[in-house]
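Note sheet for the following structure.
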Amino acid sequence: MSPQIEIQLIAVIVAVACALPGVFLVLRKMSMMSDSITHTILLGIVLGFFLTRDLSSPLLIVGAALIGVVTVWLTEMLSRTRLLAEDAAIGIVFPMIFSIAIILITRYASSVHLGTDSVLLGELAFAPFDRMIVAGVDIGAKAIYTTGALLILNLAAIVIFFKELKIATFDPMLAAALGFAPALVHYGLMTLVSLTTVGAFQAVGSILVVAFMIGPPVTAYLLTDNLKWMLILSGMIGAVNGILGYQVAAILDVSIAGSMAVMTGIVFLVVFVFAPNRGFVSALRRRKKQKIQFAKMTLLFHLYNHEGSENEAREAGLDTIQTELNWDADFTKNILALLKKEADIEFASGVVKLTEQGRMHSIHNYEALFSK
C-alpha cells in the first residue's frame, strides 16, 4: 500500500472515529469540551511518561484518558456552583491544565520528543513511516491499526449503548426515571471522547481532532433530525473531508492536517448556506414567505374589521391602505396583487372589498389565531 493511500486511510478512520462521539457532544451543547480535552490530555501523557519513561507505554493512554475525565469533572464542578457559566469554566480549567503540562515538559522533559507543535498540529505525512511489524512482517502503518481499534471501540459502544445515550442526551430526567444513570452515561461518553482524542491526536494533532469531532456532526445536524442518520452522515462527511483535504494539500503542497481542517470548514459553510431545511438560503426564503403570509392575513383582518362601517371607504381605500398599515408602496401593491390573484379581494370604486372566499379566510384565520 502506497504512503498516499495509507495517509488517506488513516484520515478517514480518524474522521469517522472522532465524528461518532462528536455527534453526542454537539447534541449536548458541549462542543468546546472537545477542544479542552484535546489539550489537557497532554498532562496525562506527560505524567504517564514520568512514571514509565517510555513513550510507547499504554499507561500514557490511560493517563491521558483519566486527565480528560478530570477536565470534564472540574469544569462541571465549577459550573454547578452557578458562579460561572460552562464556557467560562472551560476557559479556566483548560488553560490551567494545559499550561501545567507545558511547564512540566519544558522543565523536566525538554530532551524528550513531546513537542507542543506536533501535539497541536500533528503531521499525517509521517504516519506511514511508523510501521506495524508482526513476526518480522510489515503489515502497514501502525496508525491504521491504533485508529482502527478506536473506530471499532466507538462503534461498539454506540451500538451497544445507543438507547442509553439517546435518552440521556435528549431527556436526562427520563433517563434517571428509567434507571439509566445519566451521570454514568455522561462520564462514559467523556471517557470515550478522551480515548478517541489521545488515540487520534498522535497522528493528526489536536486541532484536526477538534475539527473532525465537531465539524462533521454540526454539518450533519443541518441536514437531518434523525439521530441514526446524523451518525451515519457525520461519518460520511468526515471521510469525505479527509480525502478532499488530502487532495487539496497534495495539489497546493501545504499542511495535510491544516488542509483537512479547512476543508471541514468549507463543507460546513456550503451546507450552512444551502441545506434544504436549515440552510441560510432556505431560512431567508421561509422568513420572506412568513412575512408575506402574515401581511396577507393582516390585510384580510383589516378589511374584515372595517367591513360595513362608516369608515370603510377611508380605511379600505386603495390610496389609504398603505398609510393605515404603515407599509411601503411596493409591498402594499404586491400584497394586494397576491390577494386579488387568490380571489380573496376585489376592487370596487377605489375601495378594496373582501370576496366571500376572503371573508371565510378572515373568519377562519381569526378563529385559528384566538383559539390557541
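The values are calculated or read from the model by the stated rules, or taken from the named source; none is laboratory data. Predicted model, so just to flag it, every value in this text is computed and none were measured. Virtual Cβ from ideal backbone geometry, glycine too; neighbours counted across all protein chains shown. Each accessible area value is taken on the protein alone, full model and side chains, heavy atoms only, with ligands, DNA and RNA left out. Shrake-Rupley method; radii C 1.70, N 1.55, O 1.52, S 1.80 Å.
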Which residue, chosen from Gly308, Val270, Ile345, occupies the Cα position most advanced towards the positive end of the dipole of the stretch 253-372, where the dipole is computed from +1 (Lys, Arg) and -1 (Asp, Glu) charges on Cβ about the Cα centre?
-> Val270
In the chain, taking the dipole from +1 charges on Lys and Arg beta carbons and -1 charges on Asp and Glu beta carbons about the Cα centre, the listed residue (Val159, Gly44, Gly245) farthest towards the positive end is Val159
Estimated distance in nm for a label pair at Ile152 and Leu318, the labels positioned 7 Å out from Cα along Cα-to-Cβ = 7.9
So, how do all the Cα-to-Cα distances of the stretch 266-372 break down into 10 Å bins, in percent, from 0 on up?
-> 14, 39, 25, 14, 7, 2, 0
Based on the Cβ-Cβ distance of Val159 and Ser99, what FRET efficiency does E = 1/(1 + (r/R0)^6) give at R0 = 41 Å, to the nearest 0.05?
-> 0.60
Mean residue ellipticity (222 nm) of the chain, computed from DSSP H runs ≥ 4 via -39,500 (n - 2.57), nearest 500 | -25000 deg cm²/dmol
For the chain, give the percent of accessible area contributed by carbon and sulfur heavy atoms, probe 1.4 Å, rounded to a whole number.
-> 65
Computed from the beta carbon distance with a Förster radius of 45 Å, FRET efficiency for Ile266 and Lys340 to the nearest 0.05 stands at 0.50
Inter-label distance for Glu367 and Ser2, nm, one decimal - labels placed 7 Å from Cα along Cα-to-Cβ | 7.2
Solvent-accessible area per residue, Å², over the stretch 163-247 with all protein chains present [probe radius 1.4 Å] | 40
Gyration tensor verdict on the stretch 84-234 (Cα atoms; rounded if a/c is under 1.5, prolate if a/b is larger than b/c, oblate otherwise) = oblate
Please give the solvent-accessible surface of Tyr108 in Å², to the nearest 10, using a probe radius of 1.4 Å with every protein chain present.
-> 140
Cα-Cα over 21 Å: which of Lys289/Lys340; Lys228/Lys288; Lys29/Lys288?
-> Lys228/Lys288; Lys29/Lys288
Size of charge dipole - the chain - debye, nearest 20, with Cβ of Lys, Arg +1 and Asp, Glu -1, no other charges = 400
Length added when fully stretched, Ala283-Asp330, from 0.36 nm per residue minus Cα-Cα | 14.6 nm
Using a/c under 1.5 as the rounded threshold, could you call the stretch 1-82 rounded, prolate or oblate? The axes a ≥ b ≥ c are square roots of the C-alpha gyration tensor eigenvalues, and prolate needs a/b larger than b/c, oblate otherwise.
-> oblate
